[in-house]
Each structure stands twice: as structure tokens, then as C-alpha cells.
1. As an exercise, use a Förster radius of 41 Å and the Cβ-Cβ distance of ASP153 and HIS190 to find the FRET efficiency, rounded to the nearest 0.05.
2. Only bridges with both residues in the range 30-298 count here: give the DSSP antiparallel percent, nearest 5.
3. Apply the a/c threshold of 1.5 to the C-alpha gyration tensor of the range 222-306 and tell me whether it is rounded, prolate or oblate.
4. Using only Cα atoms, locate the centre of the range 58-117 and the centre of the range 281-296, then give the distance between them in Å, rounded to an integer.
5. Taking a ≥ b ≥ c as the square roots of the eigenvalues of the Cα gyration tensor of the range 227-269, is the shape rounded (a/c under 1.5), prolate (a/b larger than b/c) or oblate?
6. Round to the nearest 10 and give me the degree value, 0 to 90, for the angle of helix 211-221's Cα axis relative to the longest principal axis of the chain.
7. What is the packing order of peptides 18-27, 123-132, taking the mean over residues of other C-beta atoms within 10 Å and listing the highest first?
8. Counting other C-beta atoms within 10 Å, which of VAL58, VAL72, VAL301 has the fewest, and how do the rest follow?
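Each value in this text was obtained by applying a stated rule to the coordinates, not by laboratory testing. On a predicted model such as this, the values are computed, not experimentally measured, just so you know. Glycine gets a Cβ as well: all are built from the backbone with ideal geometry, and neighbour counts include every protein chain shown.
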Amino acid sequence: MGFTYALADFIDFQDKEACDQVRRITREEITQHPNPDFRIRVIDGHGELFAALATDMVRNIKQALDEDRQFVCILPVGPVEQYPIAARMINELRIPMHHVHTFNMDEYADEGGNSAPADWHCSFQKAMHVNFFDLIDEDLRPPASHIHFPTTDVLDHYDDMMEEAGGVDVCYGGIGWCGHIAFWESSLGHEFGDDLDSYVKAKSRLVTLTPMTIMQNALHSFGGDWSSVPPKANSIGPAEVRQARHRSFWLPYASLTGEESWQRFIARLVAHGPVNTLVPGSILQTAPGDYVLVGGVAANVEVGVS
């Protein structure tokens, strides 16, 4: 007997037909996309994926150094496993990073819009230093003045800071459970409706986190304690993502066995669903970039299988 029902009210994207269509995309089909510049690939194994991401970062840093130019990048926290690998490569190869300017995607904020301090144990600033910058030999690290976070004091001109540094060469990132990029939430799409032209011009701002993001981050970073996740965050917007010369997005969130993954469905909706304002990551389909999935994320979506 069939059983039909509506999507839960808190889910912003309500196109059930589109959800049904992307759910049926197989692993063999997932890398096929009508935009040849939006390159989708699958890497089996978490270690292999993080090594490939670290290598991509270090290669871009070294190439800019060899070409005697600045390298400007947007960086995520989530995942972070690539950063110690990249730091080790930089130290072993003795690559100076005086030419590197980093801009992190986001940072938590309280209900009043005050960004988390750098020494808070769950701040993205602390995570970046512990997992990356502090692991790089001191004589090789980027100058402190080249390391940026979207804190409250700079949020309203964060995009200007990127342009002043020379413009973003690569925007690295991942995809959240609601389809967000950084903390640019699915709920923000209601403000723009179907006006994609205005949407892709939207810049960094303070956002209220969706229930889905609260739960996702509770599982990742707070031991399942949703009461400890801050209610808001500062985030880059679609404009900063689109203005980068290249986009490099990596989706590693699957169990080590590959049997379970919360990212499996949203990876498909972002890459193969309609480009729209309620699935922020869908804008990646419209610009050159890389979209790399671990095998467990690329695996078929099997609903109802226990």
C-alpha cells in the first residue's frame, strides 16, 4: 500500500518531485553533469580524499609562490582533517607562505550577533590555529595579518578585504545538511524568492542557524549536545563564493565503512537538483569548479533499508 506525505514544515526546500528525482541518481550517474566546467568526481577512502585535498591546497600555494604572486583563498572548518596533512607537506617541502592570504568562511556568534572569541574552545579561529597554522613551522607561516576570520568587527567589509588582497583565487568548502555553504543557510532563500540574480550578489552577514544545522553541528563538534551550539553565525555569502576564480568543494561525511552518510542525499540535491535560492550549494552548478565526494557519499541513497 502506498503512503504519501508532505515534507516537514521546517525544511525550506519543498519541491518533493525534485527530491524524488535526485534520490534515484546512482553512484555511476552522479559524476555526469550538463555543465562540463562543474567537475564531479569520486574518491574512495577518507585518507585518500583528505590527502588529495591537502595536495590541491599545497600545489596552489606553491604555484603562486613560483609565479611570484599572492595566493588568496577562502577556507572552511569542516572538514579539518586535510589541514595537518597540508601543514606537514609545507614543512617538509620548506614552502614559505608569506604570499598567502586566508579568509575563513564563517564563525559562530551569540544571539546578539557577537562573534565567538578566538580562545573559545569551539571557535573556528581556534580550530584553524590548532589544526593548521600552529602546525606550520614558524618561519614558514603566513603573517598573522594575512589570516582573516569574519568576526563582528570586519563582517560588513569582509568582501572588500578579499578584493584588497587581490581577489580570491580558490574558494574551498563543503556542503551542509540543509545545502548551506559556510553558514549561508537555506532559510535565507525566502528573502530572495526566485530572484537568483540578487541572490548571487548577496554578501557576508550574520545569520540565524537552521534547526538542521544546529543538529548537524551538534553531532560533529559538540558530542551530540545541541544545547551547546550557538544560535547564530557570521558567514560569507553567495557573492564571495561566485567571485572566486575557482571553487573546490569536498564532501567526506560518510562512515568509515561507507554504509552511512548524512551527506548522501544533499550531495545529489546540490549537484543535480534545480539551481535555486533554498539550496545554497546549488549555485555551484553554474560556475567552474570541482565537487569531490568520498565513496560513501556517492553511494546510492537507499531509503528504508536497515
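1. It comes out at approximately 0.90.
2. The antiparallel proportion sits near 30 percent.
3. Taking the square roots of the gyration eigenvalues as a ≥ b ≥ c, the range 222-306 is oblate.
4. 20
5. Taking the square roots of the gyration eigenvalues as a ≥ b ≥ c, the range 227-269 is oblate.
6. Around 50 degrees separate the two axes.
7. The most tightly packed comes first, giving 123-132, 18-27.
8. Arranged by neighbour count, lowest to highest, VAL58, VAL72, VAL301 become VAL301, VAL58, VAL72.
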